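To start, the structure itself, in structure tokens.
The values are calculated or read from the model by the stated rules, or taken from the named source; none is laboratory data. Just so we're clear, the structure is a prediction, and the values are computed from it rather than from any experiment. Because the Cβ atoms are built from the backbone with ideal geometry, glycine has one as well, and the counts that use them run over all protein chains shown. Note: areas computed on protein heavy atoms with side chains; ligands, DNA, RNA excluded. Shrake-Rupley method; radii C 1.70, N 1.55, O 1.52, S 1.80 Å.
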Protein chains: 2
Amino acid sequence: MMKQPLMISRLLMHAEKYHGDEEVVTRTVEGPVHRYTYRDLARRARQAAEALVTMKLGGGACVATLAWNTYRHLELYYAIPGVGSVCHTINPRLFHEQIVFIINHAEDVALFFDATFAPLVAELRPRCPTVKHWIALVEADRIPEQTPFARSYEALLESRPGVFAWPSFDENTASQLCYTSGTTGHPKGVLFSHRTTLLHSLTTALPDALSISTSEVVCPIVPMFHANGWGLPYTCPMVGAKLVLAGMNTDGESLYRLFEAEGVTFAGAVPTVWQGLIDYMQAGGLRLSSLRRFLVGGSACPFSIIRTLSQDYGVEALPGWGMTELSPVGTLTTFKRKHATLSEEERLAFRTNHGRPLFGIDLRLIGQHGEELACDGKSVGELQVRGLAVVDTYFRGDTSALVDGWFPTGDIATIDGDGYLKITDRSKDMIKSGGEWISSIELENIATLHPAVAMAAVIGVASAKWGERPLLLAVRRAGKSVDKEELLAWFEGKVARWWVPDDVQFVDSLPLTATGKLSKVTLRQRYQDYQLPAQGETHRNGLGLASGHARTGRTPGGN
Amino acid sequence: MMKQPLMISRLLMHAEKYHGDEEVVTRTVEGPVHRYTYRDLARRARQAAEALVTMKLGGGACVATLAWNTYRHLELYYAIPGVGSVCHTINPRLFHEQIVFIINHAEDVALFFDATFAPLVAELRPRCPTVKHWIALVEADRIPEQTPFARSYEALLESRPGVFAWPSFDENTASQLCYTSGTTGHPKGVLFSHRTTLLHSLTTALPDALSISTSEVVCPIVPMFHANGWGLPYTCPMVGAKLVLAGMNTDGESLYRLFEAEGVTFAGAVPTVWQGLIDYMQAGGLRLSSLRRFLVGGSACPFSIIRTLSQDYGVEALPGWGMTELSPVGTLTTFKRKHATLSEEERLAFRTNHGRPLFGIDLRLIGQHGEELACDGKSVGELQVRGLAVVDTYFRGDTSALVDGWFPTGDIATIDGDGYLKITDRSKDMIKSGGEWISSIELENIATLHPAVAMAAVIGVASAKWGERPLLLAVRRAGKSVDKEELLAWFEGKVARWWVPDDVQFVDSLPLTATGKLSKVTLRQRYQDYQLPAQGETHRNGLGLASGHARTGRTPGGN
């Protein structure tokens, strides 16, 4: 058989030759909609490659981007790995200290940035001595005033012939670098390769995974600076799907208009983005005319979002679970043949699991004593993963990230006999009450089903008697009212009585991390001295659970 | 990233762990239906691997099979490559001389065979000295009387623990061997690897390719001894689709009953098999209740089959083109977004092309002087291919099979701007009339559209004036009548007048090759001294084409 390495440039060459007319549409950072074809993308990526080579940025250097989802960022997604260098996508929502850290840690030699990040770039420049080239993703006459030292991307491309021949080299060569936004310690870099990127694109595009075909119009709302935009900027050209890039605005109105204007059929985002779209559509009495499926990940999706988009808008949820360390998609909730007889309601409810593993991904659960647990849908343990595109060592790390050849995810989960995964919590977010675990995610899911609750978070707070007890923090939906007693009563019959939170605090908003996830670390700090009301403990005590809750035989997440 | 080679055993491990309950159903060679699950398949494949290792058949030896589509053959599809050896699937329809040649050429050390092949095996044994083990795929008490020297496969598996741990090794290790049934010269072997097999499975399962999901019930009617059964025995476990193996009988009645009993949704076969199914259903006034799509390849599919299955039975055609040398699928006819507005009739007609390339496949056309031709849907040239799973050198060949890095297919074709391929002929089947090419396939397609024509073949026969002229050989449909004049008139207005065959011969049947394709070699031999009627030449002459047909400006296949 021919020796043909799995190169990222192959994706682009395939798109150019066999899907050359298909469109890439961008709502630019400047505002107007930009549109061109895969043929144009391929030509401009070659021009960018020619510029990189001229600047001696080929062959293994880390080249950074600080950019939104745009066609220019997409060109760099191909040009930088295409010349053998590493495309280091920086998450601008990280603390500035962290951004300085990762640029210096990666020893980035160049940084391409959108004009909106000019103030940040001006701040970074004196602190990032390895960066020799600062390139603004703008026309020559639009260099931001804060960054007079920057060159123009368009000027760099101009007059390049665009005939660059993509080289073939070892498919295990590093291609992209993403740092995970650790909530403690320094961010850690995950280095992907050409091979893992192509295998991830192939396995995620399969019918039982994202099922992305050339008939789709895909909007990867998830930022391209976050975990490779869930791989969609690579997967779409592979299959020739129209790609719609949302730029910097992912509020409900911006997305709604873009979806309708471009006929978007498939989009992927974190739950808060979907909630924003729902709120906008509900407020205006709007309908969706083309969107058929939505991928949701990044954090557990409240069931209310899944139900509303399905029942009120006819859009099917595709919940998934992944991590940057998995390239990033690990599991997706698609049905099996045996589920054909499920009712609509049962199908909806089924979507509260996190899905079954992609081909190439293997999962296992490890118990408290290091033993492998059964995949029976009941046993709760720490989730470990291995696969075709899973990290083994963090970038410039000196020790393996693995335990016994498996990557420990830090998630607590169950897995059933078909491989369907249910994350019950992050291990550090589980609440340990009377020696037994309570799943904060399950309580949050129930809370957000209440019609007056927009968002919810549950954290453990100190209890003299039980070690920890759950505290519910809830954001009321606009125009709705609910009080503590009513909300606590809402849990009755839905979970074991000892799982019911001891108290509720209504808040105006909840803190988010740089990647848009609920920041439980912040909440735990904020409520570290919180005093639970006495009746809560008495109430629990009244259940006769003096020596812990284990008598109920219930395991968290396993009912 | 973790180093995880692309091993065939990974397909089976994934199926066992995540689709363990899904079924593999076989209509056995003995008759009864056998059913078990992927979990059972995995266990028995491990037992078979244990037997192979005990017999010292691991580690690179060629191990042959002479077998139908059954669960036992499927077990060997995994067990033999799984221990690092090469599964050499022998096509029993080859001439016996050819079978002897390929066994000796491959130096097969063992041969597993179905009982139906016992007479052939008895004949092979004295002529194939490298084969040390003859294993009949039967119970211990059912060794065929013609092969008393054979061991029983079931006895070999019995009492094996089935705990074999599939080893990991270089993914470029050879895994399967198929010989192409050359019509001239010796058969040539194509050697596949673990890597190419997995990449072929991934790319063919994509939504725009075969779109095989866990919801499908797949019957790969195409024999497992022919081009890896088009990869389906590997692709189905990868996605967890129910697999239905048809055994040795692929007549219309047998297939109809199996499809209905097992709820088959997707099946793949050569056109003659589909015609047999149509004939059986039409004769009995039967309907199909589960079949939704049919893959057709191996030779050009008459439009009448595509239309009848779609319009009368609601089954969508998925025509494709491939070669053993391509692992084997190269192109498939699926639609693009731009085709959404086509009418039903236009969609049907569109299916007469051969499809666009899978991801990983690249096509080009080469003209008569070695120049690369445009992909404009008009230029006709020799089709060349390269890709992730394409041959470079035939097994034990001493020269590359490639020209300038590309595999020359021997097919004559056009390719349009989206990559849609239209094979106009095998280069050796093209008819050269007055210095211009006539496509025999296009004439056959038109002939089979006539309601009274069941099958048709067009070959070139010698013409003193034009070099060659087309002769149409036609099989009348049962109970229908048509004569020569009526059939020739059928072509008028459908092709250029100089393409209309000079004569028609009605025959009872057409000769087929070992792989079920029309044998034009046989026909050309049979009609090598055929005398065309004089008026045909006069007729042509009357068109004023004395110096060739080029004045019309028409290129074959390009209207």
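When B:I103, B:I90, B:I143, B:I135 are checked against the criterion of being without any contact (Cβ under 8 Å) to a residue 60 or more places away in the chain and under 23 Å from the mean Cα position of the chain (by Cα), B:I103 stands alone in meeting it. When region A:12-23 is filtered for residues that are in a loop (DSSP other than H, G, I, E, B) and open to solvent by less than 10 Å² (accessible area, probe 1.4 Å), the ones remaining, listed by number, are A:H19, A:G20.
The set of residues from region A:376-392 being part of a loop (DSSP other than H, G, I, E, B) and more than 9 Å from chain B (Cβ to nearest Cβ) comprises A:D376, A:G377, A:K378, A:S379, A:V380. Considering region B:326-338, the residues that are of a type outside the set (S, T, N, Q) and more than 9 Å from every other protein chain (Cβ to nearest Cβ) include one that is farthest from B:A227 (Cα to Cα), namely B:L332.
Every condition in (1) out of contact with any His (no Cβ under 8 Å at 6 or more places or on another chain); (2) more than 14 Å from B:C236 (Cα to Cα) is met by B:H200 except one, and the failing one is (2). Checked against the criterion of being within 20 Å of B:R476 (Cα to Cα), of a type in the set (G, A, S) and crowded, with 21+ Cβ neighbours inside 10 Å, the candidates B:A241, B:A300 yield just one match: B:A300. In the set A:T331, A:T399, A:T341, only one residue is β-branched (V, I, T), at pLDDT below 95 and within 29 Å of B:T235 (Cβ to Cβ); that residue is A:T341. Of all the criteria given as (1) away from chain A (no Cβ under 14 Å); (2) farther than 19 Å from B:T324 by Cα, the one not satisfied by B:D404 is (1). Within region B:131-152, the set of residues being surrounded by 16 or more Cβ atoms within 10 Å (Cβ to Cβ) and either among the polar types (S, T, N, Q) or closer than 25 Å to B:H105 by Cα (or both) comprises B:V131, B:H133, B:W134, B:I135, B:A136, B:L137, B:Q146, B:T147, B:A150, B:R151, B:S152. Check whether at least one residue in region B:259-273 is more than 14 Å from every other protein chain (Cβ to nearest Cβ), in a loop (DSSP other than H, G, I, E, B) and small (G, A, S), and report yes or no. Checked region B:259-273: no residue is more than 14 Å from every other protein chain (Cβ to nearest Cβ), in a loop (DSSP other than H, G, I, E, B) and small (G, A, S).
Annotation: of all residues in region B:300-322 being in a loop (DSSP other than H, G, I, E, B) and modelled with pLDDT of 95 or more, the one that is farthest from B:A456 (Cα to Cα) is B:G314. Within region A:325-337, being surrounded by fewer than 21 Cβ atoms within 10 Å (Cβ to Cβ) and either under 20 Å from A:D429 (Cβ atoms) or touching a residue at least 24 places away in the same chain (Cβ under 8 Å) (or both) holds for one residue alone: A:K336.
Filtered by the rule that a residue be away from every other protein chain (no Cβ under 14 Å) and either part of a loop (DSSP other than H, G, I, E, B) or open to solvent by 10 Å² or more (accessible area, probe 1.4 Å) (or both), region A:339-353 gives A:S343, A:E344, A:E345, A:E346, A:A349, A:F350, A:R351, A:T352. Determine whether region B:215-227 contains at least one residue that is within 14 Å of another protein chain (Cβ to nearest Cβ) and part of a loop (DSSP other than H, G, I, E, B). Within region B:215-227, one or more residues are within 14 Å of another protein chain (Cβ to nearest Cβ) and part of a loop (DSSP other than H, G, I, E, B). Taking (1) under 28 Å from A:R43 (Cβ atoms); (2) of a type outside the set (K, R); (3) without any contact (Cβ under 8 Å) to a residue 60 or more places away in the chain in turn, A:L156 satisfies each apart from (3).
The numbered conditions (1) open to solvent by 10 Å² or more (accessible area, probe 1.4 Å); (2) among the small types (G, A, S); (3) not in a helix (DSSP H, G or I) are all true for A:A209 except (1).
When region B:93-130 is filtered for residues that are modelled with pLDDT of 95 or more, of a type in the set (D, E, K, R) and either over 29 Å from B:P32 (Cβ atoms) or open to solvent by 60 Å² or more (accessible area, probe 1.4 Å) (or both), the ones remaining, listed by number, are B:E107, B:D108, B:E123, B:R125, B:R127. Would you call B:V391 over 15 Å from B:A300 (Cβ atoms) and buried (at least 20 other Cβ atoms within 10 Å of the Cβ)? It is true that B:V391 is over 15 Å from B:A300 (Cβ atoms) and buried (at least 20 other Cβ atoms within 10 Å of the Cβ). Within region A:355-372, the residues that satisfy the criterion of being away from every other protein chain (no Cβ under 14 Å) and open to solvent by less than 60 Å² (accessible area, probe 1.4 Å) are A:I366, A:G367, A:G370.
Determine whether B:T250 is away from chain A (no Cβ under 14 Å), in contact (Cβ under 8 Å) with a residue 24 or more places away in the chain, surrounded by fewer than 24 Cβ atoms within 10 Å (Cβ to Cβ) and in a loop (DSSP other than H, G, I, E, B). Yes; evaluated as a whole, the condition is true for this residue.
Scanning region A:191-214 for residues that are out of contact with any Phe, Trp or Tyr (no Cβ under 7 Å at 6 or more places or on another chain), more than 7 Å from chain B (Cβ to nearest Cβ) and not small (G, A, S) turns up A:H194, A:R195, A:L198, A:L199, A:H200, A:T204, A:L210.
Within region A:271-287, residues that are closer than 13 Å to A:T308 by Cα reach partners that are of a type in the set (S, T, N, Q) and assigned to a helix (DSSP H, G or I) with beta carbons closer than 6 Å, at six or more positions or on different chains, in the pairs A:I278/A:T308. Residues of region B:449-465 that are more than 18 Å from B:D503 (Cβ to Cβ) and outside any strand (DSSP E or B): B:L449, B:P451.
If only residues of region A:412-441 that are of a type in the set (S, T, N, Q) and open to solvent by less than 20 Å² (accessible area, probe 1.4 Å) are counted, the one that is farthest from A:R524 (Cα to Cα) is A:T414.
For every residue, the table says whether it meets (1) within 14 Å of chain B (Cβ to nearest Cβ); (2) touching a residue at least 12 places away in the same chain (Cβ under 8 Å); (3) open to solvent by 10 Å² or more (accessible area, probe 1.4 Å).
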residue: A:M7; (1), (2), (3): yes, yes, no
residue: A:R10; (1), (2), (3): yes, yes, yes
residue: A:V25; (1), (2), (3): yes, yes, no
residue: A:R35; (1), (2), (3): no, yes, yes
residue: A:L41; (1), (2), (3): no, yes, no
residue: A:K56; (1), (2), (3): no, no, yes
residue: A:V63; (1), (2), (3): no, yes, no
residue: A:V83; (1), (2), (3): no, yes, yes
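Please go through region B:33-88 and pick out each residue that is small (G, A, S) and assigned to a helix (DSSP H, G or I). Of everything in region B:33-88, those that are small (G, A, S) and assigned to a helix (DSSP H, G or I) turn out to be B:A42, B:A45, B:A48, B:A49, B:A51, B:A79, B:G82.
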